[in-house]
Amino acid sequence: MVDENKILFERAKKVIPGGVNSPVRSFKSVGGSPYFVRNAEGPYVWDEEGNRYIDYVQSYGPMILGHSHPVVIEAINQAASLGTSYGAPTEKEIILAESIIERVKGIESIRFVNSGTEATMTALRLARGATKRSKIIKFSGCYHGHSDLLLAEAGSGVANQGISGSDGVPETAVSETMVVPFNEVPEMDQTIAAVIVEPVPANMGLVEPKENFLREIRSACDSAGVLLIFDEVITGFRLSSGGASNWYGVTPDLWCFGKIIGGGLPVGAFAGSQELMSFLAPDGGVYQAGTLSGNPLAMAAGQATLKLLGQSEYEYLEAIANRLVKGLEEVISSEGLVITTPKVGSLIGIFFSNEMPKNFEEVKPIAENGFYSNFFHGMLKRGVALAPGPYEVIFLSLAHTEKLIDQTIEIAAEVIKEISNS
Ligand SMILES: *Cc1c(COP(=O)(O)O)cnc(C)c1O
């Protein structure tokens, strides 16, 4: 139906704040109104008007196999037929825990929660409980979900709304949170419980860690007895089976996961050594709980997803990422525009600039230069859905064929011509 998206958005706004259940979906930072998805399959989503898009959002990361993968859907259906939540432990939780421990070197114990937000929030509580210290360090532009103590200079989720923090977060909630620039090793002392970092920040566009940066943080943490937390909610099972920690050969004390490990269902997890994780209730005094935690459908979807990710799958993802980056750079520079496309594994960022930003301060003026929204709308009009915000990245899936990548590049060429002629 013509204008169905707009009609739905108006209807949504009457009953849901801003019409959306997560702010970036509102298109506020690129302008216009969002498409409402009716269904999705493989690399595509279809909106309520029947338009098909090649989807590079992929739910912001979870859908690494592509949408509606038959094996995942079958696993969900099978789990659902046995009941959807019990409030008692299940074997499915053990199976997914074992799968993750088998793949990520250094993890001995893992607890499942319902979102990445819960994972990082609880990992910090655990770090504070274990170290009996209270200060934490985060990097500007890194996003770790929306818990109070982490909503300071928090990258995409907040930056897309043009605000640096959040109303409703009292100063006391962030008074023990120190925010420092990414790619610079902060000073640390014995008052600091933990440093939390996205090993490859993917919520301020994509920013590559400088060589040895993560290793240097690791040794600075060791010297001061500070726990290192890798927020691998995006990088986990996307860069490699062992995530960013194995990719860079740097082992944190705690890991946070989400997105891919739920195969498209709500999930999060945090993990570490037996010793550290034993500070959690019921064994220890750090409390954490969840009515729906370890949900059998999410466990089944996550397990089905991880089982389909091996070395050759990661090689394929990286190959199409290289193809896309090379193509985009060619067509964009041939029109005399500048673009910089950082890439780590299959994660890709797009900056309309000839500078490669190293931290959030350098990202902001580029993200706000207005090019992204023009590019975004040009692509969307021609059937390619990028994330509706300049602080996001491109998410590829195994369902994106080389042909689709080439098609995307051709479409980008048209869009760039249009932009540079206007
Ligand atoms: C998405 C994300 C989170 C938050 O996860 P939610 O499931 O949205 O709460 C945390 N950290 C990073 C790095 C993320 O990308």
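The values are calculated or read from the model by the stated rules, or taken from the named source; none is laboratory data. Please read all numbers here as calculations on a predicted model, not as lab measurements. FYI the Cβ positions are ideal-geometry reconstructions off the backbone, even for glycines, and counts take in every protein chain you see. Note: accessible area is taken over every heavy atom of the protein model, side chains too, but ligands, DNA and RNA are not part of it. Shrake-Rupley method; radii C 1.70, N 1.55, O 1.52, S 1.80 Å.
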Task: Separation of the GLU335 and ARG215 label points, Cα + 7 Å toward Cβ, nm - done: 4.1
TODO: Express in whole angstrom the spacing between the alpha-carbon centres of the stretch 376-420 and the stretch 1-71.
DONE: 16
- [ ] Compute the accessible area per residue over the chain, keeping the other protein chains in place, probe 1.4 Å, unit Å².
- [x] 42
TODO: Report the GluC sites (Glu not before Pro) located in the stretch 325-409 that are in a DSSP loop and have at most 12 other Cβ atoms inside 10 Å of their Cβ, or state none.
DONE: GLU355
TODO: Between ILE73 and TYR316, take the C-beta separation as r, use R0 = 22 Å, and let me know the FRET efficiency to the nearest 0.05.
DONE: 0.55
TODO: Give me the Kirkwood hydrodynamic radius of the chain, using the inverse of the mean 1/r over all pairs of distinct Cα atoms, in Å to one decimal.
DONE: 22.0
TODO: Please grab the % of Cα pairs in the stretch 70-307 that end up more than 32 Å from each other.
DONE: 17
Open item on the list: Nearest 500 deg cm²/dmol is fine: what mean residue ellipticity at 222 nm does the chain get from its DSSP H runs of n ≥ 4 alone, each adding -39,500 (n - 2.57), divided by its residue count?
Closed with: -11500 deg cm²/dmol
TODO: Could you check the simple spin-label distance between LYS132 and GLU368, using points 7 Å along Cα→Cβ, in nm with one decimal?
DONE: 4.5
TODO: Pop out the carbon and sulfur fraction of the accessible area of the chain as a percent, whole number, probe 1.4 Å.
DONE: 51
Task: Of LYS259/LYS364; LYS92/LYS259; LYS135/LYS210; LYS326/LYS403; LYS28/LYS364; LYS326/LYS417, pairs whose Cα-Cα distance is over 21 Å - done: LYS259/LYS364; LYS135/LYS210
- [ ] Please give, to one decimal in nm, the separation of the simple spin-label points placed at SER278 and GLU48, each 7 Å out from Cα toward the Cβ.
- [x] 5.4
- [ ] Have a look at ILE76, ILE332, TYR56 and report the one farthest towards the positive end of the charge dipole of the chain, computed about the Cα centre with Cβ charges (Lys/Arg +1, Asp/Glu -1).
- [x] ILE76
TODO: List the chymotrypsin sites (Phe, Trp or Tyr not before Pro) within the stretch 1-43 that fall in a DSSP loop (any state other than H, G, I, E or B) and whose Cβ has at most 15 other Cβ atoms within 10 Å.
DONE: none
TODO: For the chain, set up a Gaussian network in which alpha carbons nearer than 10 Å are linked by springs, and say which option among ASP47, ASP55, ASP167 fluctuates the most.
DONE: ASP167
Task: Cα gyration tensor, the stretch 104-204 - rounded (a/c under 1.5), prolate or oblate - done: rounded
TODO: Please find, in a Gaussian network model of the chain (springs between Cα atoms separated by less than 10 Å), the residue of GLU216, GLU49, GLU171 whose mean-square fluctuation is greatest.
DONE: GLU171
Open item on the list: I want to verify a result. In a Gaussian network model of the chain, Cα cutoff 10 Å, which of these has the top mean-square fluctuation: ILE366, ILE94, ILE348?
Closed with: ILE94
- [ ] Starting from the residue with the highest accessible area, list LEU292, LEU254, LEU337 in decreasing order, probe 1.4 Å.
- [x] LEU292, LEU337, LEU254
TODO: Could you calculate the contour length gain from GLU355 to ALA224, that is, 0.36 nm times the residue separation minus the distance between their Cα atoms, to one decimal place in nm?
DONE: 43.7 nm
- [ ] May I ask you to compute the full-extension gain from ARG11 to ASN421, defined as 0.36 nm times their residue separation minus their alpha-carbon distance, rounded to one decimal in nm?
- [x] 143.9 nm
Task: Antiparallel DSSP beta bridges within the chain, percent to nearest 5 - done: 55
Open item on the list: Using a 1.4 angstrom probe on the protein heavy atoms only, could you order ASP222, ASP283 from most to least accessible area?
Closed with: ASP283, ASP222
- [ ] Using 0.36 nm per residue of separation minus the Cα-Cα distance, give me the extension gain between ASN39 and ASP3 in nm, one decimal.
- [x] 11.2 nm
